[in-house]
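Below: the structure, in structure tokens.
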């Protein structure tokens, strides 16, 4: 299956995008953070573009925890607004 044009374009720029994102996150957090980024679209032939600065096992655990939270009714509220 061919990959869509837009997914190829994102893939070509993904390392640069991710490097800027990591820099911005470190500036805000004051330290390096673990980050995983998943970019996708709903076009036929779409391929998920994924990049991370940590081990896949750690990402899988974090994503599984997030998905479990969604299934358990975790509210869609930004962390800074939870009291």
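For segment 55-64, does any single residue satisfy the condition of being under 16 Å from the mean Cα position of the chain (by Cα) and exposed (fewer than 10 other Cβ atoms within 10 Å of the Cβ)? Explain how you work it out, then say what you get.
Initially, segment 55-64 is screened for residues under 16 Å from the mean Cα position of the chain (by Cα), giving 55-64.
Now drop any that are not exposed (fewer than 10 other Cβ atoms within 10 Å of the Cβ), which leaves 57.
Yes, the conditions are met somewhere in segment 55-64.
Could you check segment 29-45 and list, in sequence order, the residues that are under 15 Å from residue 58 (Cα atoms) and surrounded by 12 or more Cβ atoms within 10 Å (Cβ to Cβ)?
Restricting attention to segment 29-45, the residues satisfying the condition of being under 15 Å from residue 58 (Cα atoms) are 33-38.
Hits for segment 29-45 are 33, 34, 35, 36, 37.
Considering every residue within segment 18-28, establish whether at least one is touching a strand residue (DSSP E or B) at 6+ places or on another chain (Cβ under 6 Å), in a helix (DSSP H, G or I) and either in contact (Cβ under 8 Å) with a residue 24 or more places away in the chain or surrounded by 10 or more Cβ atoms within 10 Å (Cβ to Cβ) (or both).
Of the residues in segment 18-28, the ones touching a strand residue (DSSP E or B) at 6+ places or on another chain (Cβ under 6 Å) are 18.
Right, trim to in a helix (DSSP H, G or I) and you get 18.
This time we only want the ones that are either in contact (Cβ under 8 Å) with a residue 24 or more places away in the chain or surrounded by 10 or more Cβ atoms within 10 Å (Cβ to Cβ) (or both), so: 18.
Yes: one or more hits.
Identify all residues within segment 29-63 that are assigned to a loop (DSSP other than H, G, I, E, B) and closer than 22 Å to residue 80 by Cβ; write none if there are none. Spell out the reasoning first.
Narrowing segment 29-63 to residues assigned to a loop (DSSP other than H, G, I, E, B): 30-35, 40-48, 53-55.
Hits for segment 29-63 are 30, 31, 32, 33, 34, 35.
Six or more apart or on different chains, Cβ atoms under 8 Å: show the pairs whose first residue is in segment 46-67 and in contact (Cβ under 8 Å) with a residue 24 or more places away in the chain and on the phi > 0 side of the Ramachandran plot and whose second is surrounded by 14 or more Cβ atoms within 10 Å (Cβ to Cβ) and assigned to a helix (DSSP H, G or I).
Between residues of segment 46-67 that are in contact (Cβ under 8 Å) with a residue 24 or more places away in the chain and on the phi > 0 side of the Ramachandran plot and residues that are surrounded by 14 or more Cβ atoms within 10 Å (Cβ to Cβ) and assigned to a helix (DSSP H, G or I), there is no close pair.
Each value in this text was obtained by applying a stated rule to the coordinates, not by laboratory testing. Note that the structure is a prediction, hence the values are computed from the model and not measured. Quick reminder, even Gly has a Cβ in these numbers, built from the backbone with ideal geometry, and neighbours come from all protein chains shown.
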